[in-house]
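Colleague: First the structure, then my questions, so here it is.
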Amino acid sequence: MTPLGSIASTVLRVTPWRLERRLEVEARRAALTRIGGAVGAMVLVGIVLLLTGRNAFWIFWQGLDAIFGRQRGIEGAALRAIPILMTALGVALSLRMKVWNIGSDGQFLMGALAAVGVGIHMDGPAWLVLIVMAAAATLAGAAWILVPALARAYWDVNEIITTLLLNFVALQLVTWSALGFWRDKEAAVIQSTREVAHTLPGLPGANSVTIALLVPLVIAAALWWVFRSTTIGYEIDTIGGNPRAAGYAGIAVRRRILIVMLFTGAIAGLGGMLQLSAPGAQAMNAGFSAQFGLSGFIVAALAGASFWGVIGGGLFIASMFYAGIVLQTKGLSVYIIFAIYGVILTGIALGEIAARYRVVRREAVDGDGAQAGDDHDAATERAAT
Amino acid sequence: MILAIIENAFLSLIGSAIPASAVVMLAATGAMLGERVGVLNLGQEGLIGIGAVFSVIAVLSWGVESPWVAMLIGMIAAAVAGLIFALCVVSFRASQVLVGLALALGGIGLSNQLGVNRNGTPIQTLFREINPGGVLDDNDLVSAFLFHDPVVYIAYIGLPVVLWFVLFRTRHGMNMRAVGENPAAADAVGVSVTGWRIFYSVLGAALTGAGGAYMVLSFTPTWSPDIARGRGWVALAVVIFAGWRPGWAVAGALLYGSMISLDTTAQARGWGLPFMGASDLSFFLSMLPYVVTLVAILIPAGAVKLGRRVRSTAAPAALAIPYSREER
């Protein structure tokens, strides 16, 4: 019926191979095919850039060399990893129950905005100010997802659009703060808020990376433990598997959805404070979040719902990000990063689906088996198209 | 006297809201078309960008002199992007959310990259306003309300009427709804679920592309980066607000559009409030369209929950669920 479908199944029929659906999909295999999809997508992007006369592979290699060749490079990538890891952990937590939090950028910004508000208005010892900043940021992040979370949990309103719309509101609010109510009136040129006086203590041996880098690691460990050893973790996974069954099993599904969504916002919000408390980043402007939420989302999609996978994927994407800055100096606009992200995300999505199939050789079947085998063939081919 | 002022304010608000959200209207219709057959395309934001940038390229680089042809080129480009999307999610059954977001990102990135040397170049090939002239030309407000270019009439009247008629008054439309509600049943009576899903998501993408084309060929009329500015997401919200009914999308789009025109009017006239200066007010008003859109999404769901009788406003039952014969 559909021309495309019949073309695809014809192509499959003339080869001696056919696709067969796997009965069970192992998590490890799915992770490998997702990574394969992402790498394949990057190679594709590299080839396209090569065709437009830019040797992306060489430039990328230079970028990686710039990172791992020197301490400054490693620290540069680590600094970018912190906000990406925090937003990614939030998204990964929501994905455990199949809830999409696309608004982590907004929660991140609101967390940072709350931290600036506290930081520029509060007097006191540095440690106390920083703790209050972190608390305010956590609450602000959770508050920013409160309406979408309530709507999702109790009114079954799709959370994708509601969380995303609030990103635009958060960005406007940050712009307002930087140009309006908290504007630094002494700095005439740079339009940003006033600067917070305090920063987190540095990591031993590091020049610019603070103890903020430890926070995502601690959170990942805590989440991993919660999902491995506690009842609530098990309940969340049950809801992710089948919300209706979870309800029949006596789990308060709606309340769990609300709580988990608030936590995802809180983690992203705390990420905003961590970013703000790095030396040299103590004020906010409209460009405060360099699409960290977006990068975090891609990390979470790549990692599935594995929190250690988020750490690995986050460090990888942060390195990419840093290498991408080198790419930008070679005549590519910042926009191309978006396009590359789009291709990578498609690769991840296709990789995820690829784990569900295997290619098997078509075998000659004789006797009674032939009929059943053919039917099965036809069914899998239809499924593949 | 006061009534006249209110009437004037209302007319001028709605009058400028109509062209301001024609893009949203086109994109919402496109999204609704796909969603009715069960395909959720979150990439509207990217499709608007692609439709816009290819229309700009057609006019500025390929010398196209008719806005209709330029719009058609934008629509074709968006349809190609929509076809790639549809192959991924319908044929290969990849996650609609992931690939949709990928299309949003990829479309924004690609269109900004292609438009990078064309920022701010004024477009001369424009849609002309339909104005019979002489009849009402002494009343600016009435003409602002009534007279627009042809695309506006198509977006607000033509498309919703056609879509409503096809969906609810024809056998074809019944099959479309069946594909979105219960694909296994549609499949059983011989409707090709895969084929219909691909066809209507591509057609929907083309409509969204037309929205992008309209922006640069009439509304702005020039290319600037991130041209959609969230309108693609708003369109998706409008579909939810409308409860997947074409006519209600008009109300949703106008609601968003009047917030936008409130913002631009306030900025242009330097409005302020006793407790809020003009610049602060304009920051506040620029957040408002998104807040109002968010609240609007909650209305249908809230009305159902609070026990009001509402005619079916639920999403198509099979929305965003890939169809597979093996698993039905």
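The values are calculated or read from the model by the stated rules, or taken from the named source; none is laboratory data. Note that the structure is predicted; figures quoted are calculated from it, not measured. Note: ideal-geometry Cβ built from the backbone for every residue, glycine included; neighbour counts use all protein chains shown. Accessible surface is based on the protein model in full, side chains and every heavy atom, while ligands, DNA and RNA are left aside. Shrake-Rupley method; radii C 1.70, N 1.55, O 1.52, S 1.80 Å.
Colleague: Filter region B:191-215 down to residues that are open to solvent by 20 Å² or more (accessible area, probe 1.4 Å) and aliphatic (A, V, I, L, M) and give me whichever is nearest to B:Val53 (Cα to Cα).
Modeller: Looking at residues that are open to solvent by 20 Å² or more (accessible area, probe 1.4 Å) and aliphatic (A, V, I, L, M), I get B:Leu207.
Colleague: Of all residues in region B:43-67, which are over 18 Å from the mean Cα position of the chain (by Cα), part of a helix (DSSP H, G or I) and not aliphatic (A, V, I, L, M)? Working first, answer last.
Modeller: Here is the first cut: in region B:43-67, the ones over 18 Å from the mean Cα position of the chain (by Cα) are B:56-67.
Restricting the remaining residues to those that are part of a helix (DSSP H, G or I) gives B:56-60, B:67.
Once the filter is applied, which keeps residues that are over 18 Å from the mean Cα position of the chain (by Cα), part of a helix (DSSP H, G or I) and not aliphatic (A, V, I, L, M), region B:43-67 yields only B:Pro67.
Colleague: Which ones in region A:234-257 are open to solvent by less than 30 Å² (accessible area, probe 1.4 Å) and in contact (Cβ under 8 Å) with a residue 12 or more places away in the chain?
Modeller: Those that are open to solvent by less than 30 Å² (accessible area, probe 1.4 Å) and in contact (Cβ under 8 Å) with a residue 12 or more places away in the chain: A:Ile236, A:Ile239, A:Gly240, A:Ile251, A:Val253, A:Ile257.
Colleague: Here's a follow-up. Which of (1) farther than 16 Å from A:Glu195 by Cα; (2) in contact (Cβ under 8 Å) with a residue 24 or more places away in the chain; (3) open to solvent by less than 20 Å² (accessible area, probe 1.4 Å) does A:Val157 not meet, given it meets every other one?
Modeller: Of the numbered conditions (1) farther than 16 Å from A:Glu195 by Cα; (2) in contact (Cβ under 8 Å) with a residue 24 or more places away in the chain; (3) open to solvent by less than 20 Å² (accessible area, probe 1.4 Å), the odd one out for A:Val157 is (2).
Colleague: Here's a follow-up. Any idea which residue in region A:178-188 is nearest to A:Gln107 (Cα to Cα), counting only those that are more than 9 Å from every other protein chain (Cβ to nearest Cβ) and not basic (Lys, Arg)?
Modeller: Pass one, region A:178-188, residues more than 9 Å from every other protein chain (Cβ to nearest Cβ): A:178, A:182-188.
Imposing the further condition that a residue be not basic (Lys, Arg) reduces the set to A:178, A:182, A:184, A:186-188.
Details: A:Ala178: 17, A:Trp182: 19, A:Asp184: 23, A:Glu186: 29, A:Ala187: 27, A:Ala188: 29 Å.
Checking each candidate, the answer is A:Ala178.
Colleague: Can you pull out the residues in region B:266-322 that are polar (S, T, N, Q), assigned to a loop (DSSP other than H, G, I, E, B) and farther than 19 Å from A:Ala151 by Cβ?
Modeller: B:Ser312
Colleague: Check whether at least one residue in region A:295-309 is open to solvent by less than 10 Å² (accessible area, probe 1.4 Å), in contact (Cβ under 8 Å) with a residue 60 or more places away in the chain and in contact with a Pro (Cβ under 9 Å, 6 or more places away or on another chain), and report yes or no.
Modeller: yes
Colleague: Could you list all residues from region A:206-220 that are of a type in the set (A, V, I, L, M) and either in contact with an Asp or Glu (Cβ under 6 Å, 6 or more places away or on another chain) or touching a residue at least 12 places away in the same chain (Cβ under 8 Å) (or both)?
Modeller: A:Ala206, A:Val209, A:Ala212, A:Leu213, A:Val215, A:Leu217, A:Ile219, A:Ala220
Colleague: Being modelled with pLDDT under 95, more than 14 Å from chain A (Cβ to nearest Cβ) and outside any loop (DSSP other than H, G, I, E, B) is true for just one of B:Val151, B:Val166, B:Val161. Which residue is that?
Modeller: Criteria check complete, one pass: B:Val151.
Colleague: Could you please find all residues in region A:219-238 being over 21 Å from the mean Cα position of the chain (by Cα) and within 17 Å of A:Val99 (Cα to Cα)?
Modeller: A:Ile232, A:Tyr234, A:Glu235, A:Thr238
Colleague: Against the condition open to solvent by less than 50 Å² (accessible area, probe 1.4 Å), of a type outside the set (D, E, K, R) and modelled with pLDDT under 90, how does B:Leu306 come out, does it pass?
Modeller: Spelling it out, it is not the case that B:Leu306 is open to solvent by less than 50 Å² (accessible area, probe 1.4 Å), of a type outside the set (D, E, K, R) and modelled with pLDDT under 90.
Colleague: Out of B:Ile240, B:Ile227, B:Ile260, report the one residue that is touching a Gly at 6+ places or on another chain (Cβ under 7 Å) and in contact (Cβ under 8 Å) with a residue 24 or more places away in the chain.
Modeller: The conditions single out B:Ile227.
Colleague: Only one residue in A:Gly205, A:Gly247, A:Gly233 is assigned to a helix (DSSP H, G or I) and farther than 20 Å from A:Ile311 by Cα. Which one?
Modeller: None of the other options fit; the residue is A:Gly247.
Colleague: Give me the residue from region B:247-302 that is touching a strand residue (DSSP E or B) at 6+ places or on another chain (Cβ under 9 Å) and either buried (at least 17 other Cβ atoms within 10 Å of the Cβ) or more than 10 Å from every other protein chain (Cβ to nearest Cβ) (or both) and, out of that set, farthest from B:Thr208 (Cα to Cα).
Modeller: B:Leu281
Colleague: May I pose another question? Exactly one of (1) part of a helix (DSSP H, G or I); (2) open to solvent by 80 Å² or more (accessible area, probe 1.4 Å); (3) of a type outside the set (Asp, Glu) is unmet by A:Leu23. Its number?
Modeller: (1)
Colleague: Please work out which residue is farthest from the chain's Cα centre (by Cα), limiting yourself to region A:68-106 and to residues that are of a type in the set (Gly, Ala, Ser) and not in a helix (DSSP H, G or I).
Modeller: A:Gly69
Colleague: Could I ask something else about it? So which residues in region B:138-188 are open to solvent by less than 40 Å² (accessible area, probe 1.4 Å), within 29 Å of B:Met215 (Cβ to Cβ) and among the acidic types (Asp, Glu)?
Modeller: Across region B:138-188, the qualifying residue is only B:Asp149.
Colleague: Hey, can you tell me all the residues within region A:50-86 that are free of Cβ contacts under 8 Å to residues at least 60 places away in the same chain and surrounded by 13 or more Cβ atoms within 10 Å (Cβ to Cβ)?
Modeller: Hits for region A:50-86 are A:Leu50, A:Asn55, A:Phe57, A:Trp61, A:Asp65, A:Ile74.
Colleague: A further question on this structure: In the list B:Gly63, B:Gly100, which residue meets the criterion of being within 14 Å of chain A (Cβ to nearest Cβ) and either open to solvent by 10 Å² or more (accessible area, probe 1.4 Å) or out of contact with any helix residue (DSSP H, G or I) (no Cβ under 6 Å at 6 or more places or on another chain) (or both)?
Modeller: Details: B:Gly63 fails: within 14 Å of chain A (Cβ to nearest Cβ).
Selected residue: B:Gly100, the only one of B:Gly63, B:Gly100 that is within 14 Å of chain A (Cβ to nearest Cβ) and either open to solvent by 10 Å² or more (accessible area, probe 1.4 Å) or out of contact with any helix residue (DSSP H, G or I) (no Cβ under 6 Å at 6 or more places or on another chain) (or both).
Colleague: Picking from A:Val169, A:Val129, which residue would you name as being of a type outside the set (Gly, Ala, Ser), in contact (Cβ under 8 Å) with a residue 60 or more places away in the chain and facing chain B (nearest Cβ under 10 Å)?
Modeller: After applying the criteria, what remains is A:Val169.
Colleague: What number of residues within region A:109-137 are more than 29 Å from the chain's Cα centre (by Cα) and part of a helix (DSSP H, G or I)?
Modeller: Matching residues across region A:109-137 total 6.
Colleague: I'd like to check something: does region A:326-339 contain any residue that is open to solvent by less than 30 Å² (accessible area, probe 1.4 Å) and modelled with pLDDT of 85 or more?
Modeller: Within region A:326-339, one or more residues are open to solvent by less than 30 Å² (accessible area, probe 1.4 Å) and modelled with pLDDT of 85 or more.
Colleague: Separate question: For B:Leu40, which of the numbered conditions (1) crowded, with 24+ Cβ neighbours inside 10 Å; (2) assigned to a loop (DSSP other than H, G, I, E, B) fails to hold?
Modeller: If we test B:Leu40 against (1) crowded, with 24+ Cβ neighbours inside 10 Å; (2) assigned to a loop (DSSP other than H, G, I, E, B), just (1) comes out false.
Colleague: Let me ask something else. Of all residues in region B:103-115 being open to solvent by 10 Å² or more (accessible area, probe 1.4 Å) and facing chain A (nearest Cβ under 7 Å), which is nearest to A:Gln291 (Cα to Cα)?
Modeller: Ranking the qualifying residues of region B:103-115, first place goes to B:Leu105.
Colleague: Does region B:223-237 include one or more residues that are more than 15 Å from the chain's Cα centre (by Cα), charged (D, E, K, R) and open to solvent by less than 40 Å² (accessible area, probe 1.4 Å)?
Modeller: No, the conditions are met nowhere in region B:223-237.
Colleague: Could you name every one of the helices (runs of 4 or more DSSP H) located completely within region A:253-357 that has at least 2 residues being away from every other protein chain (no Cβ under 14 Å), touching a Phe, Trp or Tyr at 6+ places or on another chain (Cβ under 9 Å) and of a type in the set (Gly, Ala, Ser)?
Modeller: Filter on region A:253-357 gives A:253-276, A:307-328.
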